[in-house]
Structures are given as C-alpha cells and as structure tokens.
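Participant: Take a look at the following structure, please.
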Amino acid sequence: MNKDMQHYLEPSFYLDYYAPEVSDFAASACAGLDSPVKKAVSLYYAVRDQIKYDPYDLQYSRRAMRASHVVKKKSGFCVSKAVLLAAVARHQRIPSRLGFADVTNHLSTISLRKLMGTGLFIYHGYTEMLLEGKWVKATPAFNLSLCTRFNVRPLEFDGTEDSLFHELDTLGRKHMEYVRDHGHFADLPFDRIFTAYDQTYPDLFKHFVKNKKADFAAEAKQEHR
C-alpha cells in the first residue's frame with residue numbers, strides 16, 4: 001500500500017473500527033467475500049439498510065458521531081452513516097475517506113424544513129472508497145424503506161461507479177441537486193461541520209434539546225400517505 005494511502009486506513013476517534021460492535025458489523029457483512037469490490041458493495045448495503053436514516057439523530061456530540069455509537073443505536077443521519085461506512089471499509093483494508101456537499105431537494109419533511117428555515121442541506125455526507133485504483137463515491141444515507149415512503153429511487157452501488165444522489169424521484173421528476181462540494185477528508189472535521197450547522201440552522205439544536213424526540217419516520221408516513 002502506498003504510504004500516502006496509509007492514513008485512509010487508520011482508525012480514529014470517530015472511525016473506531018477496532019470497537020467490537022463495528023468490527024463484528026464489518027465481518028458479518030463481508031463473510032465469504034473475496035474481493036474489495038464485493039466487500040465494499042456489501043458494506044454499503046449493510047449501512048444503508050441496517051442503519052435507519054434519521055436526521056433527528058443530529059446532536060452536538062462527538063460521541064454520537066462515532067461509528068460504534070451509530071452501530072449500537074442502529075440509526076443515524078447522513079454524516080454519521082458515512083462515518084460508519086468509512087470505518088467498516090477501513091476494517092476490511094479498503095482505503096476510505098469522507099466527502100461533503102451542500103444539496104437541495106433533500107429527503108425531508110415539512111416539519112424539518114420549517115425547523116431548518118431553508119431547503120438547503122449543508123455538509124450532506126458521503127463516503128469515498130479506493131477500489132481498483134480509483135476513488136468511488138457512495139452515499140449510504142437513505143434506507144430502502146424510507147426511499148419507498150418518499151417515492152424516491154433508492155441509491156444502488158456496484159463498487160465501480162459513483163452512487164451520489166437521488167437525481168430523480170420514482171415519477172421521473174427532478175429531485176436532489178448538489179450545489180457545492182466541500183471536498184474530502186481523512187477524518188471527520190467535526191468542528192468545521194457543526195460550526196456551519198449552527199450558523200445555518202440557529203434554531204436546530206435548541207429545538208432538539210427541548211423536544212426529545214421528534215419522529216422523522218412518523219412525519220414522513222403522515223405526509224406521504
């Protein structure tokens with residue numbers, strides 16, 4: 001392995017793949033698989049569908065952003081799920097890093113958009129894995145059942161092409177758009193992201209402190225009957 005790639009394989013406070021629950025999750029998803037591409041694909045679907053997407057999991061907490069915490073809770077928002085995918089990929093010796101972008105037309109509810117005060121979702125998280133000599137992007141945020149609820153095609157991933165955003169809904173209407181790329185990082189830039197969240201969504205964390213806990217799945221079900 002190229003020395004320049006080594007830091008994309010190392011554990012960190014957030015990508016704590018040495019934790020038993022994370023290593024067990026990775027090993028289970030990759031059991032019997034014999035290539036990095038096959039392992040990456042299996043890890044993607046494990047994180048996408050076994051960890052429920054819930055934006056109300058967002059909280060100003062370093063511990064809550066650790067891969068081990070996400071596995072234990074079995075839910076997370078886009079960034080924490082991207083952290084988990086990067087961690088389990090490194091556990092399987094697949095170099096990985098985190099990417100972030102601002103997006104519009106994100107999967108959300110009326111209640112969440114009112115709380116945020118904007119339709120722009122900043123620092124939407126995804127994972128990049130080095131497979132067969134190139135970096136491939138994968139976005140494991142939105143689980144299959146949630147996509148069905150929102151009439152959005154679930155993102156598939158084959159380990160060779162980028163799987164980045166839901167461009168169209170199931171009716172062929174334009175859906176998610178990326179409006180700004182923040183680049184890639186070997187580890188989670190916690191302070192940078194949460195400072196931006198606080199500046200962009202000033203009422204978000206205050207609401208979460210007062211209202212434990214909003215139910216995103218229930219909101220989605222109510223709005224998309």
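Every residue, every condition in (1) touching a helix residue (DSSP H, G or I) at 6+ places or on another chain (Cβ under 6 Å); (2) of a type outside the set (Lys, Arg); (3) modelled with pLDDT of 85 or more; (4) surrounded by fewer than 19 Cβ atoms within 10 Å (Cβ to Cβ), yes or no:
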| residue | (1), (2), (3), (4) |
| --- | --- |
| VAL152 | no, yes, no, no |
| THR160 | no, yes, yes, yes |
| LYS174 | no, no, no, yes |
| THR195 | no, yes, yes, yes |
| LYS210 | no, no, no, yes |
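Participant: For residues that are exposed (fewer than 15 other Cβ atoms within 10 Å of the Cβ) and touching a helix residue (DSSP H, G or I) at 6+ places or on another chain (Cβ under 7 Å), scanning just region 33-71, find the one that is farthest from GLU21 (Cα to Cα).
Facilitator: Across region 33-71, the extreme among qualifying residues is TYR60.
Participant: Search region 105-122 for residues being surrounded by 14 or more Cβ atoms within 10 Å (Cβ to Cβ) and not in a helix (DSSP H, G or I), and hand back the single one that is modelled with the lowest pLDDT.
Facilitator: The selected residue is HIS106.
Participant: Picking from ALA46, ALA31, ALA64, which residue would you name as being assigned to a helix (DSSP H, G or I), under 26 Å from GLY133 (Cα atoms) and free of Cβ contacts under 8 Å to residues at least 60 places away in the same chain?
Facilitator: Within the list ALA46, ALA31, ALA64, the selection yields ALA46.
Participant: What about SER12, is it touching a residue at least 40 places away in the same chain (Cβ under 8 Å) and either under 13 Å from the mean Cα position of the chain (by Cα) or not in a helix (DSSP H, G or I) (or both)?
Facilitator: Against the criterion (touching a residue at least 40 places away in the same chain (Cβ under 8 Å) and either under 13 Å from the mean Cα position of the chain (by Cα) or not in a helix (DSSP H, G or I) (or both)), SER12 qualifies.
Participant: Checking the structure you have, find out if any residue of region 127-140 is modelled with pLDDT of 95 or more and either in contact with a Cys (Cβ under 9 Å, 6 or more places away or on another chain) or polar (S, T, N, Q) (or both).
Facilitator: Checked region 127-140: at least one residue is modelled with pLDDT of 95 or more and either in contact with a Cys (Cβ under 9 Å, 6 or more places away or on another chain) or polar (S, T, N, Q) (or both).
Participant: Name the residues in region 15-44 that are more than 12 Å from the chain's Cα centre (by Cα), within 17 Å of TYR126 (Cα to Cα) and aromatic (Phe, Trp, Tyr), would you?
Facilitator: Result: no residue meets the conditions.
Participant: So which of ARG97, ARG93 is of a type in the set (D, E, K, R) and not in a strand (DSSP E or B)?
Facilitator: After applying the criteria, what remains is ARG93.
Participant: Something else: Which ones in region 15-26 are more than 11 Å from ARG90 (Cβ to Cβ), touching a residue at least 12 places away in the same chain (Cβ under 8 Å) and not aromatic (Phe, Trp, Tyr)?
Facilitator: ALA19, GLU21
Participant: Could I ask something else about it? Among the residues of region 123-140 satisfying the criterion of being small (Gly, Ala, Ser) and assigned to a strand (DSSP E or B), which is farthest from ASP158 (Cα to Cα)?
Facilitator: Only one residue fits best here, namely GLY125.
Participant: Kindly provide the set of residues from region 75-89 that are at pLDDT 95 or above and out of contact with any Asp or Glu (no Cβ under 7 Å at 6 or more places or on another chain), ordered by number.
Facilitator: VAL79, LYS81, ALA82, VAL83, LEU84, LEU85, ALA86, VAL88, ALA89
Participant: Let me spell it out: the conditions are (1) under 20 Å from ALA141 (Cβ atoms); (2) buried (at least 20 other Cβ atoms within 10 Å of the Cβ); (3) not hydrophobic (A, V, I, L, M, F, W, C), and GLN92 meets all of them except one. Which number is the exception?
Facilitator: Result: GLN92 passes all but (1).
Conditions tested, residue by residue: (1) under 22 Å from ASP181 (Cα atoms); (2) without any contact (Cβ under 8 Å) to a residue 60 or more places away in the chain; (3) surrounded by 24 or more Cβ atoms within 10 Å (Cβ to Cβ).
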{"site": "VAL88", "(1), (2), (3)": "no, no, yes"}
{"site": "LEU98", "(1), (2), (3)": "yes, no, yes"}
{"site": "ALA101", "(1), (2), (3)": "yes, no, no"}
{"site": "LEU131", "(1), (2), (3)": "yes, no, no"}
{"site": "PRO140", "(1), (2), (3)": "yes, no, yes"}
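The values are calculated or read from the model by the stated rules, or taken from the named source; none is laboratory data. Nothing here was measured: the structure is a model prediction, and the numbers come from that model. Because the Cβ atoms are built from the backbone with ideal geometry, glycine has one as well, and the counts that use them run over all protein chains shown.
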